[in-house]
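Below is a structure I'd like to ask you about.
Read-outs throughout are calculated quantities, based only on the coordinates presented, and are distinct from any laboratory measurement. Since the structure is predicted, the reported quantities are computational estimates derived from the model, not experimental observations. Cβ sites come from the backbone with ideal geometry, for glycine too, and all protein chains shown count toward neighbours.
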Amino acid sequence: MQLNSSIAAVVTGGASGLGEATVRALAAQGVKVAIFDMNEAKGEAVAKEVGGVFCKVNVTSDEDVDAGFVKARAAHGQERILVNCAGTGNAAKTASRDKTTGETRHFPLDAFNMIIQINLVGTFRCIAKSAKGMLDLEPIDGERGAIVNTASVAAEDGQMGQAAYSASKGGVVGMTLPIARDLAGDGIRVNTILPGIFATPLMNGAPPQVKDALAASVPFPKRLGEAHEYAQLALTMITNGYFNGEDVRLDGAIRMAPR
C-alpha cells in the first residue's frame with residue numbers, strides 16, 4: 001500500500017506511546033489519521049499537531065467504537081489502515097498466600113475479565129468493524145486495507161502475575177492468522193507486532209534504576225525499545241504487500257524470565 005494523502009487511517013490508543021508514534025509516522029507520509037483514545041486532552045493535542053481528528057473511544061464499548069468510526073469517516077472517508085494500540089495490563093498471581101496473615105486469595109475474576117475485554121475483545125471489535133467498512137472500498141492494486149495489531153512478548157513468555165495480560169495478548173496472536181485468512185479474499189491484510197520492553201510513558205515513570213536494569217536485560221541492543229521503532233515496523237507491515245498473517249517480535253532478542 002502506498003501512503004499518501006488519499007489514504008485514511010485509524011489508530012487506537014493513538015494519544016500516547018506506541019500509538020502516538022504510529023500516528024505521527026503515518027501523518028508524516030501524508031496519511032489522514034484519526035485517533036481513538038480515552039485521553040481527550042492528549043488526543044486532541046496530537047490530532048491538532050498532525051492535522052488529524054480525535055475520537056474519544058473506549059474500545060470495550062460497541063457504541064463508542066461505532067461513533068468513533070462514524071466521526072473518523074465523516075472527516076477522512078473510509079479508512080484503509082487500522083492500527084490497534086489500545087491496551088492495558090495488571091498483575092496478580094493466580095492464587096497466593098499472604099505472608100503475614102496466611103490468608104489465601106486468587107486473581108480477582110473481574111480484573112482478569114477487564115484485561116481480556118480491553119486487550120483482546122476490544123482489538124477484535126475494532127478489526128471487525130473496520131474490516132466491514134473496508135469491504136466497500138475499491139481495491140488499489142488488488143488491496144483494500146491493512147490492519148496491524150499490538151500483542152506483547154508476554155504472549156509467548158509471560159511472567160509471574162501476568163496470566164490475564166498474557167492470555168489477552170496470546171489471544172491477539174492466536175487470532176491473527178485466522179482473521180488474515182477470513183479477509184484475504186477481499187484484499188485485506190492482517191499482522192501483529194509483539195513489542196518487548198519499550199520506553200512508553202508508563203515505563204518512563206519507573207525509577208531510573210529499574211529502567212537501567214530492564215535495559216541491561218536486553219541481549220542487544222542493551223536499551224529499551226523506542227516508540228518510533230514500533231511505528232517503523234507497523235509502516236513496513238502496511239506498505240509491504242506480501243506481509244500477511246504474521247506475528248513478529250520486536251524485542252532486542254529478549255526472552256522474559258519468570259519474574
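Okay, residues lined up against (1) more than 30 Å from Leu135 (Cα to Cα); (2) not acidic (Asp, Glu):
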| site | (1), (2) |
| --- | --- |
| Ser217 | yes, yes |
| Thr236 | no, yes |
| Tyr242 | no, yes |
| Glu246 | no, no |
| Arg249 | no, yes |
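Among the helices (runs of 4 or more DSSP H) lying completely within segment 12-80, list those that include at least 1 residues that are among the polar types (S, T, N, Q) and within 21 Å of Thr239 (Cα to Cα).
Output list reads 17-28.
Could you grab me the full set of residues in segment 1-20 that are under 22 Å from Val65 (Cβ atoms) and not β-branched (Val, Ile, Thr)?
Those that are under 22 Å from Val65 (Cβ atoms) and not β-branched (Val, Ile, Thr): Ala8, Ala9, Gly13, Gly14, Ala15, Ser16, Gly17, Leu18, Gly19, Glu20.
Restricting segment 139-186 to residues that are of a type in the set (S, T, N, Q) and in contact with a Pro (Cβ under 8 Å, 6 or more places away or on another chain), which is farthest from Ala21 (Cα to Cα)?
Here the answer is Gln159.
I've got another one for you. Name, by its number, the condition in (1) surrounded by fewer than 15 Cβ atoms within 10 Å (Cβ to Cβ); (2) farther than 18 Å from Gly122 by Cα; (3) free of Cβ contacts under 8 Å to residues at least 40 places away in the same chain that does not hold for Lys42.
Going through the list (1) surrounded by fewer than 15 Cβ atoms within 10 Å (Cβ to Cβ); (2) farther than 18 Å from Gly122 by Cα; (3) free of Cβ contacts under 8 Å to residues at least 40 places away in the same chain, Lys42 breaks only (1).
Shifting gears a bit: Considering each residue of segment 98-129, count those that are polar (S, T, N, Q) and either exposed (fewer than 12 other Cβ atoms within 10 Å of the Cβ) or touching an Asp or Glu at 6+ places or on another chain (Cβ under 6 Å) (or both), and give that number.
3
Moving on. Being touching a helix residue (DSSP H, G or I) at 6+ places or on another chain (Cβ under 8 Å), among the aliphatic types (A, V, I, L, M) and over 22 Å from Ile188 (Cβ atoms) is the filter here, so list the residues in segment 75-113 that pass it.
Those that are touching a helix residue (DSSP H, G or I) at 6+ places or on another chain (Cβ under 8 Å), among the aliphatic types (A, V, I, L, M) and over 22 Å from Ile188 (Cβ atoms): Ala91, Ala92, Ala111.
Right, here's the next one. Cβ contacts < 6 Å: first residue in contact (Cβ under 8 Å) with a residue 24 or more places away in the chain, restricted to segment 190-214; second residue among the aromatic types (Phe, Trp, Tyr) and surrounded by fewer than 20 Cβ atoms within 10 Å (Cβ to Cβ), any location; separation 6+ or different chain. Result?
Once the first residue is in contact (Cβ under 8 Å) with a residue 24 or more places away in the chain and sits in segment 190-214, its partners that are among the aromatic types (Phe, Trp, Tyr) and surrounded by fewer than 20 Cβ atoms within 10 Å (Cβ to Cβ) give Asn191/Phe243.
Being charged (D, E, K, R) and more than 16 Å from Leu26 (Cβ to Cβ) is the filter here; which residues of segment 55-96 pass it?
Passing the criteria: Lys56, Asp62, Glu63, Asp64, Asp66, Lys71, Arg73, Lys93.
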